[in-house]
There are 2 protein chains.
Amino acid sequence: MEQYILTELAEIVGAGQLATADEELVSYSYDGSGQEFLPEAIVFPGSTQEISRIMALAYREKFPVVVRGAGSGMTGGSLPLKGGLVMAMSRLNRILEIDQDNQVAVVEPGVINGDFQKKLNSLGLFYPPDPASLAFCTLGGNVAECAGGPSAVKYGVTRDYVLGLEVVLADGRIIETGVRTAKGVVGYDLTRLFVGSEGTLAIITRIILKLLPLPVASATFMVCCRSILQATRLVRDLLALQRPRTVEFMDNTAVSLIRERLPFSLPDNTAAILLIEVDGSKISVKNQSALLTEFLDSYDMLLVKRAEKQADAKILWQARRALSPAAFALRPDKISEDVVVPRSKIPELVTFTEKLAKKHNLPVFTFGHAGDGNIHVNIMLDKKNKDELDQAKAVRIALFSKVILLSGTLSGEHGVGNTKAEFLSRELSPDTLKLMRQVKGLFDPLNILNPGKIFRDDK
Amino acid sequence: MEQYILTELAEIVGAGQLATADEELVSYSYDGSGQEFLPEAIVFPGSTQEISRIMALAYREKFPVVVRGAGSGMTGGSLPLKGGLVMAMSRLNRILEIDQDNQVAVVEPGVINGDFQKKLNSLGLFYPPDPASLAFCTLGGNVAECAGGPSAVKYGVTRDYVLGLEVVLADGRIIETGVRTAKGVVGYDLTRLFVGSEGTLAIITRIILKLLPLPVASATFMVCCRSILQATRLVRDLLALQRPRTVEFMDNTAVSLIRERLPFSLPDNTAAILLIEVDGSKISVKNQSALLTEFLDSYDMLLVKRAEKQADAKILWQARRALSPAAFALRPDKISEDVVVPRSKIPELVTFTEKLAKKHNLPVFTFGHAGDGNIHVNIMLDKKNKDELDQAKAVRIALFSKVILLSGTLSGEHGVGNTKAEFLSRELSPDTLKLMRQVKGLFDPLNILNPGKIFRDDK
């Protein structure tokens, strides 16, 4: 990046808000995907107006701009593939408004999901999207990737809570989209076009979110299943009756990784575990729990345990979240995919991955959001071992092919980024892909907004 | 439309599926908006392939194509403003698949909402969007307009249930968008860009819908309020506690129109009525009703009546639906707007419309979905009376200005069509509007898909 551009950038944001030192560049060169790409500079804008001026400059000088929240993305969304400028949103971290009467909030993109949740909860309000990284991921990143989480089976994903946006376009113009009301159908739905567009169409500078009243009570159940098939059938029958807040699944490899951390001892022949949580008012949770218990009793499960105390529920969820770190006992590296299949196809997918693991001689385990058919498939390997890397690549390709065959999709919440860009044509037809590229071309004719993401080549 | 084009159309669909006789053209010239525009021909395609060939022909010959479901739209969406071809979807009326295990349905656009509901209910399934016209409106039209209905306050609108689409593009290419799984974030969200695009971006030929388990029980309450303000405060406090299936509102002019049809006699000083319905499992409805009763008791309401029998509930909802026809006792014509404001602004909006009515000497009454802030404002007039027509226009303009001032939107569920196209620039900034026009230009470069809708000029 040439000096006169850096000078202009410093003029826009102030010299203290521009970083170019090597150690700073390195700090902003990686994310949750385990890749590394060095930016040429990092800018920390303090307002929409500054972002507008930065984009006008980028448009004039044709340099890439890659927006970064917390860098917790799993597919490389915040990495500067082609160099250029990383725009860190850490200063735009204000909750601008919480309108309790109308259950609407207005936030800046750098607000951390977990901080926002806590603030809302203290007011008796609730924002459901709960990605595993909620303690540090930002709402802007959540919107850019359309983040989900365990509670999506009942409450939906980020898309379902974004009412409107303020964005800066590639050339620096500022526009508003959507509404701050519960409904709105005036003009095209640009809001939801921007949700999940991974920073490739515009820069999100303000977010209007729909809120819900806080469910004050919850109850957690752990269910040990005799087989994957039994687990899936249970999920199907359960969802025909009620919508729990979460229906999480772990296969037996996953279970073996956290067995010692669980508050209950498991039968030896446990093939899979389900974690089911219901929430709502106290009386509603009481009733849902009674219904759920009756339902589970009618099944021939290995074990059903209700976490009677809040502490036990906490241990269960801690064990669930400990899965990812525990996996490194198997191998030093992990490739984690978040494929989705119709719920009824979960047994076929899980059985398939078990066979794949054997065939390619790599540990593969699955867990995830069974209620949504959103299964996290984790391929464990040593990346320094060339053969294991090749085997892992083969597993990945076979997995994606199978998912498409099962009428599924390659990503439920992580997005495409650069890590899955090469597989897009397996899911989307040439005409669909062409249309998406044309949309990209319309919003970002110079290809300066997060180039190299979603689409493989950037022409 | 020249003869050789008609000949080619007949070759595509068969001679029996093309209509050009005057009386047929007239039958397809009007809709729920009370306007009339004659098409040059009507075609009844029997498959996506036929629609693809029709669009290739339209693209080559540059004639307008306007898709029509049941013609129940309120803003002219299905009317051929610029002549050309009306494409009636009545033959594409098959429910292609109901996947009970995964709670997903695949339908053609001509399926009638009410028929679909009945079929689903018999299987213990549920599709929430319930526009007032559900007995005859089509799912294709619902998707094109992003239809809502009373149950949106709990269950959301059409957008929230469309997982994926098959569409035919302006030049005849067929593409699929979205997924048939609960989640999916691969590529841009073209699905939701098409939802609510009013037939201006592509032709919807197949719809993948998310379903829910059927709530088996419900309970309906009628609440008489001392003032609009009391009604609105009640709605605010109620929604902080629970999400009823519906929270419908009627102002006192509306109440006076149906007073005799209600199963309960009303206190004389009733300023507004709320109809509140809760639904769910039997036990859940019992508990929600108990909570609601306790909540209502804590308010100083004029009257609270629970419809103890299914029959009473039915009468209440029939009275609510009788509002529109009953209104013609006031004047022979009606202009009905479906504006939305933040819920807390409802009193200001309703008070404002009362003043407007007085100032312009026209009966104006309001009712609608209080839980969503989606208020139907009905201006009664005699269109043959020039002065009343002018006054009604003035009321409409003043209403729209006020709605924007209150951070609202001009339409919650009816769409823009041609009747509101001229007001779009009041809600959207020039840059937002320009971007939407560019999106239109990208998808429909020849402006042959429903020209004259959403945007005022079609260049």
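At-a-glance table
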quantity	calculated
Summed buried accessible surface, chains B and A, 1.4 Å probe, nearest 100 Å²	6400 Å²
Within the protein assembly as shown: Cβ-based charge dipole about Cα centre, in debye rounded to nearest 20 (Lys, Arg +1; Asp, Glu -1)	1220 debye
Sites residue B:35 and residue B:135, calculated FRET efficiency, Cβ-Cβ separation with R0 30 Å, nearest 0.05	0.85
Globularity ratio of the range B:126-189, using Cα Rg and 2.2 N^0.38 Å	1.26
Residue-averaged beta-carbon neighbours from other chains (10 angstrom radius) around B:85-98	0
Cβ neighbours within 10 Å from other chains - mean over A:153-160	3
Pair residue B:241, residue B:394: separation of 7 Å Cα→Cβ label points (nm)	4.5 nm
Minimum 30 Å² accessible area buried by the other protein chains, the range B:204-232 residues, probe 1.4 Å, relative to alone	B:213
Per residue value of the accessible surface for chain A (all protein chains in place, 1.4 Å probe), Å²	37 Å²
Lys pairs under 19 Å by Cα in the range B:331-420, provided they are eight or more residues apart or on distinct chains	26
Net charge of Cβ neighbours under 9 Å - reference residue A:342; Lys, Arg +1; Asp, Glu -1	+1
Calculated [θ] (222 nm, deg cm²/dmol) that DSSP helices of n ≥ 4 give over chain B, each run adding -39,500 (n - 2.57)	-11000 deg cm²/dmol
Equivalent ellipsoid, chain B (semi-axes from 5 times Cα gyration tensor eigenvalues, Å)	38, 27, 20
Span per principal axis, largest first, for the Cα atoms of the range B:217-324 (Å)	35, 29, 20
Candidate residues A:179, A:439: accessible-area rank, largest first, probe 1.4 Å	A:179, A:439
Rel. contact order, % - alpha carbon contacts under 8 angstrom, at least six apart, the range B:331-420	40 percent
Lysines with Cα under 22 Å of residue B:62, excluding same-chain neighbours fewer than 8 positions away	B:82, B:440, B:453, B:459
Relative packing of B:370-380, A:117-127, which averages over residues the other C-beta atoms within 10 Å, highest first	B:370-380, A:117-127
Positive dipole terminus of the range A:3-88, leading residue within A:59, A:41, A:7 (C-beta point charges)	A:59
At 7 Å out from Cα toward Cβ: residue B:256 inter-copy label distances (nm, ascending)	7.8
Dipole axis of the protein assembly as shown (+1 Lys, Arg; -1 Asp, Glu on Cβ), positive-most option in B:224, B:205, A:416	B:224
Position residue A:283, label points 7 Å along Cα→Cβ, spacing to each other copy in nm (shortest first, one decimal)	1.4
Sequence of A:365, B:328 from largest to smallest accessible area, 1.4 Å probe	B:328, A:365
B from A by rotation - nearest chain A beta carbon to the axis, in Å	A:192, 2
Helix B:310-326 axis, angle to chain B major axis (alpha carbon atoms, nearest 10°)	60 degrees
Chain A: relative contact order in percent, alpha carbon pairs under 8 Å with at least 6 residues between	15 percent
Nearest-10 value in Å² for the accessible area of residue B:97, using the 1.4 Å probe	70 Å²
Test item: A:162-169 mean partner chain Cβ contacts at 10 Å	1
Shortest-first distances to equivalent copies, position residue A:434, nm, label 7 Å out along Cβ	2.9
Long-range tail of P(r) for the protein assembly as shown (Cα pairs > 36 Å, %)	50 percent
Magnitude of the charge dipole, the range A:95-213, Cβ model with Lys/Arg +1 and Asp/Glu -1, debye to 20	240 debye
Simple spin-label estimate for residue B:122 and residue A:300 in nanometres, 7 Å along Cα-Cβ	3.4 nm
The range A:19-103 shape via C-alpha gyration tensor axes, a/c threshold 1.5	oblate
Pairwise FRET efficiency - residue B:96 versus residue B:324, Cβ, R0 = 25 Å, nearest 0.05	0.15
Relative contact order of the range A:95-208, defined on C-alpha pairs under 8 angstrom at six or more residues apart (%)	27 percent
Helix axis angle, B:282-297 relative to chain B longest principal axis, alpha carbon, degrees	50 degrees
Cβ charges +1 (Lys, Arg) and -1 (Asp, Glu), total dipole of the range A:3-88, debye	340 debye
Drop in accessible area of at least 50 Å² in the complex versus isolated chain, residues of the range B:406-446, 1.4 Å probe	B:431, B:432, B:435, B:436, B:442
Accessible area of chain A belonging to carbon and sulfur atoms, whole % at 1.4 Å probe	50 percent
Stretchable slack from residue B:226 to residue B:260, in nm (0.36 nm times residue separation minus alpha-carbon distance)	10.3 nm
By average C-beta atoms within 10 angstrom, highest first, the peptides A:244-253, A:300-309, A:346-355	A:244-253, A:346-355, A:300-309
Helix B:228-241 axis, angle to chain B major axis (alpha carbon atoms, nearest 10°)	80 degrees
At R0 = 51 Å, FRET efficiency that the Cβ-Cβ distance of residue B:434 and residue A:358 yields, to 0.05	0.35
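The values are calculated or read from the model by the stated rules, or taken from the named source; none is laboratory data. Everything quoted here is computed from the prediction, not taken from an experiment. No Cβ is skipped: glycine too gets one built from the backbone with ideal geometry, and neighbour counts run over all protein chains shown. The area values use the complete protein model at the heavy-atom level, side chains included, leaving out ligands, DNA and RNA. Shrake-Rupley method; radii C 1.70, N 1.55, O 1.52, S 1.80 Å.
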